[in-house]
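The values are calculated or read from the model by the stated rules, or taken from the named source; none is laboratory data. Everything quoted here is computed from the prediction, not taken from an experiment. Every residue, glycine among them, receives a Cβ derived from its backbone with ideal geometry; neighbour counts consider all protein chains shown.
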């Protein structure tokens, strides 16, 4: 599948790192540091382009920018009419003190409102710090994520991509339910970085046991969590969602 990523920071490059080895073609775009973006693309086997080029290239457009950059990124991307838009964003305030937008409407609904012709699916991936690590699972089990969307086919494609990161995917219903998913993800940011529990505190908080080939699994399974040492270095705690490029 061809995936155009709008957002060349840690989240966008983490998607490239995890999806290219699965046979997907990835184009990275929209970074404040083009040299760094080009280096990341070469490292992870992706290509680079402008946001408009990424949209034209893509079967799925992964939207992975800081919330403050949403309007500018969408402007640079041009029309997304008819495109599946995998919305990886969360409306975090820059200081992580809360959500800049939340519950009514959600960030996902606002993206849909700005691009009414797009097939928007909210699917916040695991922390970029985790996806860029050597072992992106918890004791061999993927962490949990939610997907919300009004287009069943689009939601299924995004769920498949999330599952391959890897992640355990729970179908959280229509896009309106992003109103509740986004605050839950904000809580995980506060636990992981505000309270120092680290990126693997985002455990199988509502994991489901696979019962079929459908990446959106069908029945409840056990949950688990453990505290791990804080991961330092390239993906710093002040950018826990890893969206800055």
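Would you mind stating whether residue 17 is in a helix (DSSP H, G or I) and within 24 Å of residue 133 (Cβ to Cβ)? Answer is yes for this residue. Contact annotation: residue pairs with Cβ atoms under 6 Å, 6 or more positions apart or on different chains, pairing a residue in segment 155-168 that is within 9 Å of residue 18 (Cβ to Cβ) with a partner that is modelled with pLDDT of 95 or more and assigned to a helix (DSSP H, G or I), are 164/22; 165/18. Tell me the residue from 41, 77, 68, 62 that is free of Cβ contacts under 8 Å to residues at least 40 places away in the same chain and touching a strand residue (DSSP E or B) at 6+ places or on another chain (Cβ under 6 Å), please. Matching residue, one of 41, 77, 68, 62: 41.
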